[in-house]
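See structure below.
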Amino acid sequence: MIELKEKFCTTMVLEDIIIPNIWNIHVTLLPNQGKNKLYNKAMERLQYYITEILDNSVFVSRDNVSKITNLPFKAQVHIFPDDPWDHLIAMCLYTKFNSLLEEVFYVDNVTISSHQARSVSHSFSEEDGGTGNLLELFGEEDEQEVVKYWYKPTPQLFLLHDGLQLVDHPWSDIELEYEDKKPGTVVTLKDFKKPPKGDNDDIA
C-alpha cells in the first residue's frame, strides 16, 4: 500500500456563505502490479491535480453556481452536485482520483480534514459505495452533467472569466499521458482485492 499526504486551500460557497478553508488530504493506494512502469507518472498525475487544479480553487454546488458565474473575477471552480460539505468532497475526490489514475493504482481510501471542520476527518472508500456511489445518490437527469464531471480521467476545471467555461487539460500537454495504455477490461477494487485462485480450487 502507498500513502500520499497533501494540503490545499479553497474558497467554499456554502448556502449563502463564502468562506476560506485549508484541507489536509490522505490518500491510500493499492498498486496494480501489471502496470509498475507507470507508477511514477500516475503519482505525478495525482499530485498535479491536487496542487495545480484543486489548490486555490472555488468549491460550489450546482444550485449556487449561477450566483458566481457573472462575478468580475478570475478563478478556478469545481462544481459539486450538492453543497460541498466534507463527506461529499471526500466522495467526489475518491471518484476523481480513481478516474485520473486509470487502474495504475486503485484508490483504497480518501480521508480529508480541514481547518473549518476543526480537524474532524471524513473518509470514503470502496466499502462506502466506491466509484458508483455518486451516480446512485445523484441520479436525476439534471444532476448528470455535474456528476459525470468527477468521472473524467483528465484534470478538468471550470474557469471563471467572462462567465464560466469548462476547461480540459489533456495529460499530453504536461507529458503525463500513459504512452503504452491499452484498452482492457475495467477491474473494480473489490475484484482486485480477491486472492488468486489456488491450484486446488478446481478439485472437487
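Which of the aspartates and glutamates could a cross-linker bridge to Lys37, judged by Cα under 17 Å and excluding same-chain residues fewer than eight apart?
In chain and number order, the partners are Glu102, Glu103, Glu175, Glu177, Glu179, Asp180.
Are there chymotrypsin sites (Phe, Trp or Tyr not before Pro) in region 18-75 that DSSP puts in a loop and that have at most 10 other Cβ atoms within 10 Å, and which ones?
In loop regions of region 18-75 (DSSP not H, G, I, E or B), the sparsely surrounded chymotrypsin sites (Phe, Trp or Tyr not before Pro) are Phe73.
How tilted is helix 39-48 with respect to the longest principal axis of the chain? Cα atoms for both, answer in degrees (0 to 90, nearest 10).
Result, in degrees: 10.
Past 25 Å, Cα to Cα, is the threshold; run Lys5/Lys152; Lys5/Lys96; Lys5/Lys74; Lys35/Lys152; Lys5/Lys67 against it and keep the listed order.
Among Lys5/Lys152; Lys5/Lys96; Lys5/Lys74; Lys35/Lys152; Lys5/Lys67, the Cα-Cα distance tops 25 Å for Lys5/Lys74; Lys5/Lys67.
From the Cα trace of the chain, what convex hull volume per residue do you get, rounded to a whole Å³?
Per residue, the Cα convex hull of the chain comes to 145 Å³.
Can you give the alpha-carbon Rg of region 10-103 over 2.2 N^0.38 Å, where N counts its residues?
Its radius of gyration relative to the 2.2 N^0.38 Å reference: 1.23.
Counting alpha carbon pairs within less than 8 Å and at least 6 residues apart, what relative contact order, in whole percent, applies to the chain?
This gives 22 percent for the chain.
Give me P(r) over region 22-74, computed from all C-alpha to C-alpha distances, binned every 10 Å, as integer percentages.
In whole percents, the pair-distance histogram is 17, 35, 26, 16, 6.
Under 5 Å between amide hydrogens, which residues at least 5 positions from Ala75 or on another chain qualify, with H placed 1.01 Å from N in the peptide plane?
Placed amide hydrogens put Leu160 under 5 Å from Ala75.
Read the figures in this text as sums done on the coordinates, not as results from a lab. Predicted model only: the values in this text are computed from it and were never measured. Ideal geometry is used to build each Cβ from the backbone, glycine not excepted, and the neighbour counts take in all protein chains shown.
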